[in-house]
Amino acid sequence: MYRTVQLSLLARIRDVLAQKYGLSFTNLAVEQPPSISLGELALPVAFELAKRLRKAPKVIATELAAELSATLPEGIGSIEVAGAGYLNVRLERAAIAQDIAGDRHADIGGKGFRLVEHTSINPNKAAHIGHLRNAILGDTFQRLLRSDKYKSGYEVGVQNYIDNTGVQVADVVVGLTHLEAFDLAQTRQLLADLEEKGERIDFYCWNLYARVSQWYTADADQVGMRKQLRLETLHAIEHGGNETAEIADVIATAVLQRHLETMARLSIEYDFLPRESEILHLHFWDAARQLMTEKGVLYLETEGKNKGCWVMRRAQVNGTEANQPSSDGPDEDAKVIVRSNGTVTYVGKDIAYHLWKFGLLPSKDFGYRKFWQYPTHTCWISTDGESDPDHPIFGRADAIYNVIDSRQNDPQTQVVQALRGMGFTEEADRYTHFSYEMVALTPRCALELGYAVSEEDQRRPFIEVSGRKGFGVKADDLLDRLIGAARAEVDARHPELPDAERDTIARQIGVGALRYFMLRYTRNTVIAFDFKDALSFEGETGPYVQYAIVRAANIFRKANTTAEASLEEFANLKLNGLLDGEEGSVVWETWLLASKLTLTIEQCIATSEPAYLARYAFQLAQQFNNFYHRHHILNETDPAKRGLYLATAAVAQREMVRALGYLGIEAPERM
């Protein structure tokens, strides 16, 4: 509702500016006064107009206040001039509260297909804690975009890019074929044996990947030969049509299935799994190369260090302008797209892939087959074979969001530069690199996981994980530990509950703790994960917000009513100034904050920063808890006050549940 009033007010101000001064403003700043006693909205528009109108801001503010007050927008009680020229806006609290209770709010959404790509784990080992930040960020963002009962939203497709022909998969194949001496039949038998024993192939490959990574350099005399073996294996996988490639496909597909199971535990789902093998075998790059050459973006270097390579001018990492080559020689800083041996670089394949995403790759598309069935939809996977005729169309994005860590800033920038160079400037503008920093472990967490941590490392703020070294925490192990710790707490608090119910609550708390911990930090912050911090019922954590929701539910249970019934009764309640004055303002602040969910979601989408929603959920939980401790709802004897307090708890609970829902977190019935 706050956003609804805000939009109505801004529209009215634009009309006044056009009629009175002949001015047009697209963006007008709206702030919140430092104290609720000064109003609910503050506009610095007079300061923006001062130079253009050659008047003092206070004079302009006085003129605007008079014009606006003549016909106040719905829900606004008064507009006053404050300070050196601010316009302070006071809302009609009782009327706005009725609208909030009735769930009136601004809509979010629009036309166009948004393509969100996240997770993208190499299918060579189990998912680890670092992968979880990527997946949780991407899943939360697609929830904010997608159409649902609360908002119109956008049409959204969620992709998980599978690099099934990369060097990490090649390493596991080397481990299977040379360390274990397995052929294709033995590899298939390995999968059957592991399944029979109830063991996971992704866990098996976790250890094998660490072993083979160390094997490459274990014998100084064999390093060259072993690295050559790795390269030959990689080329065989990329080429396809041989036993090595079949082994890679069998393993990568089996590991991918385990990844989807892991992510399903976190309520993370996908629509399409495009694989790099199809980008290669369906010759996406050939079509992209022709287009890039025709547009003058790609050229053959004939001298210098890149002689014989096909290159493109490199973009500045922190800008969109390409570096200009020196006029007296080759551009030594050019980005190599095709090496002199004819192999295509990662960036080259990524350019082709993103041309396809935008529907700009002439006559090219994947084949599609069904791979995974979720309760509400099918997840498709790419194929170079026969395609299901009923498949959706994914290569038609109007906007792209790629959740990829900050170490890929340069390659992502070069893809955008290639789009601009080919004249696809609008598409380049709608290409968002959803960058984020790494996840590490606190020394305390590493010790809890059983790792040997030196005294020096114990003094560090965090310890980096390394899949190659086998140092890290598997996603499933992390979840199991969090859920187990939550279960112990639930058992202590509610031994009377059935096992199944305690299991459900423990899962909700454990998953909520993990997802919130990954989302509470802004994307450019390095996370140091810690079990104790994540599971705390105090401070900025998922369990803290969940507990506030449970506290509200307990109020309704003890009052022998429901949140819904409380809001229905509130619709007929005469407030008679109960939201005014110092006492009323404390209650009103809870209503006001509860009404800002739409505004917060819009902010998250505009900045690609889900952390703002996590912060909002925590602040609303804090606000509700402050209200709860100050007002003894169940002991209130005044019917009007009691009705107001119950409705306050109801709207706070409703918006906390919604906010957590967009964060992918469930609200337990008990804690």
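List of remarks:
- Some residue of segment 464-481 being under 24 Å from residue 210 (Cα atoms), small (Gly, Ala, Ser) and free of Cβ contacts under 8 Å to residues at least 60 places away in the same chain: yes
- Scope segment 550-564; condition surrounded by 17 or more Cβ atoms within 10 Å (Cβ to Cβ), under 12 Å from residue 648 (Cα atoms) and not aromatic (Phe, Trp, Tyr); matching residues: 552, 555, 563
- Residues (hydrophobic (A, V, I, L, M, F, W, C) and either in a helix (DSSP H, G or I) or free of Cβ contacts under 8 Å to residues at least 24 places away in the same chain (or both)) located in segment 541-578: 545, 548, 549, 550, 552, 553, 555, 556, 563, 565, 567, 570
- Put simply, of 571, 614 the only residue that is modelled with pLDDT of 95 or more and small (Gly, Ala, Ser) is 614.
- If you go through segment 8-33 and pick out every residue that is closer than 19 Å to residue 77 by Cα and not in a helix (DSSP H, G or I), you end up with 4.
- Just one of the listed residues (89, 5) is in contact (Cβ under 8 Å) with a residue 24 or more places away in the chain and assigned to a helix (DSSP H, G or I), namely 5.
- Considering segment 430-458, and only residues there that are modelled with pLDDT of 85 or more and in a loop (DSSP other than H, G, I, E, B), the residue that is nearest to residue 359 (Cα to Cα) turns out to be 430.
- Residue that is surrounded by the fewest Cβ atoms within 10 Å (Cβ to Cβ), among those in segment 179-205 that are small (Gly, Ala, Ser) and outside any helix (DSSP H, G or I): 198
- Any helices (runs of 4 or more DSSP H) falling wholly within segment 218-296 and containing at least 1 residues that are touching a Pro at 6+ places or on another chain (Cβ under 8 Å), under 25 Å from residue 184 (Cβ atoms) and of a type outside the set (A, V, I, L, M): 243-264
- Selected residue (criterion: surrounded by the most Cβ atoms within 10 Å (Cβ to Cβ)) from residues of segment 141-178 that are within 25 Å of residue 520 (Cα to Cα), hydroxyl-bearing (Ser, Thr, Tyr) and touching a strand residue (DSSP E or B) at 6+ places or on another chain (Cβ under 9 Å): 154
- Condition check for residue 485: in a helix (DSSP H, G or I) and free of Cβ contacts under 8 Å to residues at least 24 places away in the same chain: no
- Residues satisfying the stated conditions in segment 150-170, i.e. of a type in the set (D, E, K, R) and touching a residue at least 60 places away in the same chain (Cβ under 8 Å): 151, 163
- Within segment 410-437, if we keep just the residues that are among the β-branched types (Val, Ile, Thr) and surrounded by fewer than 18 Cβ atoms within 10 Å (Cβ to Cβ), the residue that is farthest from residue 138 (Cα to Cα) turns out to be 425.
- Pair list, Cβ under 6 Å, 6 or more apart: segment 489-500 residue more than 24 Å from residue 534 (Cβ to Cβ), other residue among the small types (Gly, Ala, Ser): none
- Selection count where residues are surrounded by fewer than 18 Cβ atoms within 10 Å (Cβ to Cβ) and either touching a Phe, Trp or Tyr at 6+ places or on another chain (Cβ under 7 Å) or of a type in the set (Phe, Trp, Tyr) (or both), scope segment 48-63: 1
- Given (1) buried (at least 19 other Cβ atoms within 10 Å of the Cβ); (2) closer than 30 Å to residue 504 by Cα, index of the condition residue 587 fails: (2)
- Only one entry of 126, 218, 192, 181 meets the criterion of being among the small types (Gly, Ala, Ser) and touching a residue at least 60 places away in the same chain (Cβ under 8 Å), and that entry is 126.
- Single residue of segment 618-671 satisfying the filter (of a type in the set (A, V, I, L, M) and surrounded by fewer than 18 Cβ atoms within 10 Å (Cβ to Cβ)) that is farthest from residue 514 (Cα to Cα): 640
- Just one residue in the set 126, 135 is closer than 25 Å to residue 614 by Cβ, surrounded by 24 or more Cβ atoms within 10 Å (Cβ to Cβ), among the small types (Gly, Ala, Ser) and not assigned by TED's automatic domain parsing to the domain that holds residue 257; that residue is 135.
The values are calculated or read from the model by the stated rules, or taken from the named source; none is laboratory data. Nothing here was measured: the structure is a model prediction, and the numbers come from that model. All Cβ positions, glycine included, derive from the backbone under ideal geometry; neighbour counts span all protein chains shown.
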